[in-house]
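*Asks:* Have a look at this one.
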Amino acid sequence: GRFQFIPKYPQSKFDGLPEDAWTGFLKERKKDSATRENIRTLSVSEQKRILTVGSCLTCHKPETPVMKSILRDFNKTLRLRSKKCILPLF
């Protein structure tokens, strides 16, 4: 249940992030850095939600009822999960 980001490329001199990262891994950005207008970095809570759904996808196919349910009501679906489900530890 632990995620980590291991960059393949060195840090950029422009934003201090590895060249293969576009947001700090589970870190809040002090300022937005994006390659397009009207785009922002993901907050830590948004990153955690995405990683949680990603952990569900390791066992559940995207088209299954449980994965469709998580799109409709994320928190309710997590509360109803099986004891077999392993969620990330943050």
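The values are calculated or read from the model by the stated rules, or taken from the named source; none is laboratory data. Predicted model, so just to flag it, every value in this text is computed and none were measured. Note that each Cβ is placed from the backbone with ideal geometry, even for glycine, and that neighbours are counted across all protein chains shown. Only protein heavy atoms, including side chains, enter the accessible area calculation; ligands, DNA and RNA are left aside. Shrake-Rupley method; radii C 1.70, N 1.55, O 1.52, S 1.80 Å.
*Asks:* How many residues are without any contact (Cβ under 8 Å) to a residue 24 or more places away in the chain, open to solvent by 50 Å² or more (accessible area, probe 1.4 Å) and farther than 30 Å from Arg29 by Cβ if we restrict to the stretch 55-75?
*Replies:* Quick first cut of the stretch 55-75, residues without any contact (Cβ under 8 Å) to a residue 24 or more places away in the chain only: 57-58, 60-73, 75.
Retained after the next criterion (residues that are open to solvent by 50 Å² or more (accessible area, probe 1.4 Å)): 57-58, 60-63, 65-66, 68, 71-73, 75.
Cutting the leftovers down to farther than 30 Å from Arg29 by Cβ gives us 60-61, 63, 65-66, 68.
Matching residues across the stretch 55-75 total 6.
*Asks:* To continue, here is another question. Tell me whether the stretch 40-50 contains one or more residues that are farther than 23 Å from Leu89 by Cβ, surrounded by fewer than 14 Cβ atoms within 10 Å (Cβ to Cβ) and not hydroxyl-bearing (Ser, Thr, Tyr).
*Replies:* Yes, the stretch 40-50 has at least one match.
*Asks:* Given the condition within 30 Å of Tyr9 (Cβ to Cβ) and touching a residue at least 60 places away in the same chain (Cβ under 8 Å), answer yes or no: does some residue in the stretch 34-54 qualify?
*Replies:* There is no residue in the stretch 34-54 that is within 30 Å of Tyr9 (Cβ to Cβ) and touching a residue at least 60 places away in the same chain (Cβ under 8 Å).
*Asks:* Only residues in the stretch 2-22 that are of a type in the set (Ser, Thr, Tyr) count as the first member; pair them with residues that are outside any loop (DSSP other than H, G, I, E, B), Cβ under 7 angstrom, at least 6 apart or cross-chain, and list the lot.
*Replies:* Tyr9/Pro18
*Asks:* Among the residues of the stretch 47-61, count how many are of a type in the set (S, T, N, Q) and over 8 Å from the mean Cα position of the chain (by Cα). Even if it seems obvious, please write down each step before you answer.
*Replies:* Our first condition is that a residue be of a type in the set (S, T, N, Q); within the stretch 47-61, this holds for 47, 52, 55, 58.
Then drop every residue that is not over 8 Å from the mean Cα position of the chain (by Cα), which leaves 55, 58.
Count: 2.
*Asks:* Can you name every residue in the stretch 1-27 that is part of a loop (DSSP other than H, G, I, E, B), surrounded by 10 or more Cβ atoms within 10 Å (Cβ to Cβ) and over 16 Å from the mean Cα position of the chain (by Cα)?
*Replies:* Selection gives Tyr9, Ser12, Asp15, Gly16, Leu17, Glu19.
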